[in-house]
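The values are calculated or read from the model by the stated rules, or taken from the named source; none is laboratory data. Because the structure is predicted, anything quoted here is derived from the model rather than measured. All Cβ positions, even for glycine, are placed from backbone atoms using ideal geometry, and neighbour counts span all protein chains on display.
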Amino acid sequence: MDLIDDPAQSGNAPEFTVSEISGAVKRLIEGEFAHVRVRAEVGRVSRPRSGHVYLDLKDERAVLSGVIWKGVAARLSTQPEEGMEVVATGRLTTFPGQSKYQIVIEEIAPAGVGALMAMLEKRKAQLAAEGLFAPERKQPIPYLPEVIGVVTSPSGAVIRDILHRLRDRFPRKVLIWPVAVQGERCAAEVARAIEGFNRFTPGGALPRPDLLIVARGGGSIEDLWGFNEEAVVRAAAASEIPLISAVGHETDTTLIDYAADRRAPTPTAAAEMAVPVRRDLLAWTAEQEARLTAALAHGLTRRGQRLADLSRLLPRAEALLEGPRQRLDRAADRLPAALTALTQRGQIRLTRAAAGLRPGVISSRLDRQRDRLGALAARLATALARPAAEKRRRLDATARRLDPARVGEAHRRGARELDALSARLARAASAQTQAWRARLDGLDRTRQSLGYTETLKRGFAVVHGAQGVVTTRQAALRAAQLEIEFADGRVDVAVDPPKPARKKLPPKSPPPEQGSLF
């Protein structure tokens, strides 16, 4: 379709729809710019929930809209950020909905080392402002870890250097989490490895490491860029297990070095930081043992000498007992005289006490006690007369209230009430007795209907074996004499021993009349 007509024929120019014009422009742009590379600075960046990335590529005079579809954005090794200088590769197309052209980016990368360094400094400042590099977040490295977790490539020389150095210094258990140490998968795998080691259960089937080492050999800034990613830095800062960063050579610095608890210039140096030298520990232990032995020997010798010096200052046992022995001898010499004097003083006190027990003295004391008792008896009679008179007056007043006529009337009234209650009691007792008798008769009828005697009247019988035990099976017929009970009495019968069981015959038709159990 040719959209350019001769002006002279404008009056007869064909008409086009907006969609036709948009389609023609789209085909023209996509045909002329099928695949382009654009070097520009990233402006506005938008990441909606759909997963696509919308951004602006700009220079000093123009702005080009760009879009990175969700699948491409997930595979990018470097995510675009505002202010980054990049080289974007893609194809130009149009968006008819807004009458604008844009570039569909298929690959985007920083434009040189300068752009990477600028982005690195910006990211470093952002993470430092959050406190991820603060010294107070650092954890001490354990002196002698039992298990060491290593996050690195399993096929490189780094892991061999670490294992060799650990074997030389102090062999420890090592858990290796294989990861890609460069490329698009590097950051995600390293972050998952650090988080995975932290999720190990202490004391579980797979032991939880006491120390982590993230290691990689040297390389360019592009090769080491995975260790500058935000996910790796945050995983290292959030690790509960102490972490040593050993990425690159001594001159190489990545953001994980700032977030780690310790930074090692090389992977070999990380192994040296992780464990001490076993021979040095053995030598130090032997030296401490020798010092301890010497200190114990010196202490025992000094205390023995002190004990000997103190023992010389103590007096002899004979000298300590001389004084008590003399005091005991003197007390033994004075004991007979003291006993004699004590006996004499007792005899004197006994004599004095016996002098007061003469008959005349006793008689005079008895007379005085008798006179005192008589005076008390006279006082007691006077004291008892007054309560007795009072009780007598109260008894007379009570007797006057006990009129025989009143007592007889109360007696007759009580007798009438007693007769009425007796009649009511007799009627109630008679009704209760009749109710109980009716209930007892009903229960007796129930007992008779449920008892086995009624069953015997219907033509059945009960077989009694030895000692009157009821027999219900043929196998139990072992007694020579049985007793059969009928409704009108019992009969003794003799029983032959049971015969072996024979082949069962077809059941016969029952007899017309009902017989006994046999």
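Of Ile241, Ile194, Ile213, which residue is surrounded by fewer than 22 Cβ atoms within 10 Å (Cβ to Cβ), modelled with pLDDT of 90 or more, aliphatic (A, V, I, L, M) and under 26 Å from Pro142 (Cα atoms)?
That would be Ile241, the only listed residue that is surrounded by fewer than 22 Cβ atoms within 10 Å (Cβ to Cβ), modelled with pLDDT of 90 or more, aliphatic (A, V, I, L, M) and under 26 Å from Pro142 (Cα atoms).
If we scan the range 10-26, do we find a residue that is within 20 Å of Lys122 (Cβ to Cβ) and either hydrophobic (A, V, I, L, M, F, W, C) or modelled with pLDDT under 85 (or both)?
Within the range 10-26, none of the residues are within 20 Å of Lys122 (Cβ to Cβ) and either hydrophobic (A, V, I, L, M, F, W, C) or modelled with pLDDT under 85 (or both).
Hey, does the range 446-464 have a residue that's surrounded by 14 or more Cβ atoms within 10 Å (Cβ to Cβ), of a type in the set (Gly, Ala, Ser) and at pLDDT 80 or above?
Looking for residues that are surrounded by 14 or more Cβ atoms within 10 Å (Cβ to Cβ), of a type in the set (Gly, Ala, Ser) and at pLDDT 80 or above, one finds at least one in the range 446-464, hence yes.
Here is a check on your reading of the model: is Ala294 at negative phi, small (Gly, Ala, Ser) and surrounded by 10 or more Cβ atoms within 10 Å (Cβ to Cβ)?
yes
Does Ala215 fit the bill of being in contact with a strand residue (DSSP E or B) (Cβ under 9 Å, 6 or more places away or on another chain) and in a helix (DSSP H, G or I)?
Taking the combined requirement at face value, the residue does not satisfy it.
Say whether the condition of being surrounded by fewer than 17 Cβ atoms within 10 Å (Cβ to Cβ), of a type in the set (Val, Ile, Thr) and in a loop (DSSP other than H, G, I, E, B) is met by at least one residue in the range 179-188.
The answer is no, given that none of the residues of the range 179-188 is surrounded by fewer than 17 Cβ atoms within 10 Å (Cβ to Cβ), of a type in the set (Val, Ile, Thr) and in a loop (DSSP other than H, G, I, E, B).
For the range 79-93, enumerate the residues that are within 16 Å of Met119 (Cα to Cα) and buried (at least 18 other Cβ atoms within 10 Å of the Cβ).
Selection gives Pro80, Met84, Val86.
Any idea which of (1) closer than 19 Å to Leu211 by Cβ; (2) assigned to a loop (DSSP other than H, G, I, E, B); (3) more than 35 Å from the chain's Cα centre (by Cα) is the one Val158 doesn't satisfy?
Here Val158 clears every test but (2).
Go through the residues of the range 53-63 one by one and say whether even a single one is at pLDDT 90 or above and out of contact with any strand residue (DSSP E or B) (no Cβ under 7 Å at 6 or more places or on another chain).
no
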